[in-house]
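Have a look at the structure below, then the notes.
The values are calculated or read from the model by the stated rules, or taken from the named source; none is laboratory data. If you're wondering where the values come from, they're calculated on a predicted model, not measured in any experiment. Cβ placement follows ideal geometry from the backbone for every residue including glycine, while neighbour counts extend to all protein chains displayed.
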Amino acid sequence: MQELPSSTYARPLQVLNISSNLLRGQFPSSITWEVMNNLVALNASNNSFTGQIPSHFCGSSPSLVVLDLCYNQFTGSIPPELGNCSKLRVLKAGHNNLNGTLPNEIFNASLLEYLSLLDNVIEGVLDGAQIVKLSNMVTLDLGGNNFSGKIPDSIGQLRRLEELHLHQNNMAGELPSTLSNYTNLISFNFESNNFNGELSKVNFSTLSKLKTLDLLCNNFRGTVPKSLYSCNNLTALRLSSNNLHGQLSTRIGDLKHLTFLSLAMNSFTNITNALHVLKRCTNLNTLLMGHNFKGELMLEDDFIGGFENIQVLALNDCPLFGKMPLWISKLANLEMLILYNNKLTRSIPSWIKDLKHLFYLDISNNSLTGEIPTNLMDMPMLHSEQTIFELPIYSGPSHQYRIHISFANMLDLSNNKLTGEIPLEIGQLKSLLSLNLSFNELTGQIPISVCNLTNLLVLDLNSMHFLSAFTSFLALPFSIHFLSSNLLVQDELTGQIPISSNGLTGATPAALNNMHFLSAFNISNNDLEGPIPSGG
């Protein structure tokens, strides 16, 4: 970065935006900063600046209101001199490599309304005596760091606070009851910490403006507090990966705006009750309840009503007994169905073809029997191109825009007791990126039509090499973690074609040589014969 040309000196510079370029190296501290003494806003984000954050910003620009340095490669600690920025209202330095502790001087910038230090390696505890000085704070984002200790009770004095993000740190202890004072709070995210205790300590009924609440991956115990059902504006709620128990209250139906609900990896009981009370949440489009309802019977009512807008349904790892219930066939907008690791029996139902939008089906690790239904090969979304799926979750302050996530068109029938031959019609599913038929009792030859699956990256007739599973972390822009723990995270795709652990016979199709994108080929534990494909 070079000095500004002298021709600019005659005009007082107030806004300097050099964001989203390819600038690198240390941020200049020797620049002729006299030209900057009227600067109000500086945006140097999304570059590759290195070294420490300069300490002279407010000394040279006493009127600075906005300073955005996020998405760079700054190192070192936060300069205490930033606390001298008496007019500073917005400070963004997230997504860098900053370390050390928060300097006490930073809390002297009492006009700060927006402070984001997301995704650095800053450590230490939150000093309650200092944090109350930021009485104008509206958004505080310290997520993705190494903060420890408890949330200080005094944080409840920040009455203007609308967004509080402390996710992915090492904080612990119970939530302070003073969180109830945040009557303007719209979103708070404490996921992936070590918080514990009962949630009933917080009176959520005072948080009438709350829209998103994320407590994923903590150690909360007890039941879902009744006061939470008073948050009538709640749109996204994630309580997965805790130690919660009990049955869902009928009052959850009062959350009329709820679109995203994740309760996975707890100890909730009575799936029949849960489904009947949740059907009143008519705007719900993502429902993740895996790792609950241990050993219960899958609700098999022909039609339970509700769930008209459901796009994602996960009831994995319960393990539920029974059959694939008919009421799922009524979910006209369903796009992703995850029922793996249960004890479901009988055959794959013929009504599966009625799910016109389904592109991701995982019913692996059950006890399903019978042949692979040929009408499964007629599903329109398994014929179409890879689906761009808008994951209906929520965004944090540093990820302001909803994003589209591309999930592989996937069909996983592995680890069941399916018999018969692989349908010849399998070749119709040309948009499939992952097909897993391993660990069944399939017989006959590998149909040559498999070679028509030109988009296929994973053909597994063995073990589950493609686990685009929903792991337990991520708070992607929109926090995207789900299923198990709850965030949909796709693993890197690799080309693999294991076909092992069935009863397949005959020769392997020579046309497999043309599947150049495959990197692994496994046909062990079958009764195949003839030459092994050597090309491709």
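A few points about this structure:
This table checks each residue for (1) of a type outside the set (G, A, S); (2) under 30 Å from R346 (Cβ atoms); (3) within 23 Å of the chain's Cα centre (by Cα).
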site: S205; (1), (2), (3): no, no, no
site: L228; (1), (2), (3): yes, no, yes
site: K279; (1), (2), (3): yes, yes, no
site: I310; (1), (2), (3): yes, yes, yes
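- Yes/no for N37 being loosely packed, with under 15 Cβ neighbours inside 10 Å and over 34 Å from the mean Cα position of the chain (by Cα): yes
- Y71 fulfils the conditions (1) modelled with pLDDT of 95 or more; (2) in contact with an Asp or Glu (Cβ under 9 Å, 6 or more places away or on another chain) except for a single criterion, (2).
- Residues (under 24 Å from the mean Cα position of the chain (by Cα), in a loop (DSSP other than H, G, I, E, B) and closer than 15 Å to L320 by Cβ) located in the stretch 264-277: A264
- Taken residue by residue, the stretch 93-108 has at least one member that is of a type in the set (A, V, I, L, M) and closer than 26 Å to L22 by Cβ.
- Some residue of the stretch 280-302 being of a type in the set (K, R) and crowded, with 22+ Cβ neighbours inside 10 Å: no
- Residues considered: S148, S135. Of these, the only one that is of a type in the set (S, T, N, Q), more than 26 Å from V66 (Cα to Cα), outside the structural domain of D214 (by TED's automatic domain parsing) and more than 21 Å from the chain's Cα centre (by Cα) is S148.
- When restricted to residues that are in contact with a helix residue (DSSP H, G or I) (Cβ under 9 Å, 6 or more places away or on another chain), closer than 17 Å to I310 by Cβ and basic (K, R), the stretch 246-299 contains 2.
- So H245, is it in the same structural domain as Y229 (by TED's automatic domain parsing), assigned to a loop (DSSP other than H, G, I, E, B) and not hydrophobic (A, V, I, L, M, F, W, C): no
- Annotation note: of S55, S77, S86, the sole residue that is touching a helix residue (DSSP H, G or I) at 6+ places or on another chain (Cβ under 6 Å) and assigned by TED's automatic domain parsing to the domain that holds L117 is S55.
- Cβ pairs under 7 Å, 6+ apart, first in the stretch 332-345 and closer than 13 Å to M289 by Cβ and in a loop (DSSP other than H, G, I, E, B), second β-branched (V, I, T) and at pLDDT 95 or above: L339/I363
- Looking at L207, L216, L239, just one residue is crowded, with 23+ Cβ neighbours inside 10 Å and more than 17 Å from S262 (Cβ to Cβ), and that residue is L207.
- In the stretch 47-60, the residue that is nearest to Q14 (Cα to Cα) out of those that are surrounded by 17 or more Cβ atoms within 10 Å (Cβ to Cβ) and under 35 Å from the mean Cα position of the chain (by Cα) is P54.
- 3 or more residues buried (at least 21 other Cβ atoms within 10 Å of the Cβ) and not aromatic (F, W, Y): qualifying strands (runs of 3 or more DSSP E) within the stretch 61-148: 139-141
- Count of the stretch 160-181 residues which are crowded, with 18+ Cβ neighbours inside 10 Å, without any contact (Cβ under 8 Å) to a residue 60 or more places away in the chain, touching a strand residue (DSSP E or B) at 6+ places or on another chain (Cβ under 6 Å) and of a type outside the set (A, V, I, L, M, F, W, C): 1
- Any hit, the stretch 152-159, residues being of a type in the set (D, E, K, R), more than 22 Å from F74 (Cα to Cα), in contact with a strand residue (DSSP E or B) (Cβ under 7 Å, 6 or more places away or on another chain) and in a loop (DSSP other than H, G, I, E, B): no
- Candidates in the stretch 515-531 are the residues that are among the polar types (S, T, N, Q) and at pLDDT below 70; of these, the one that is farthest from L437 (Cα to Cα) is S519.
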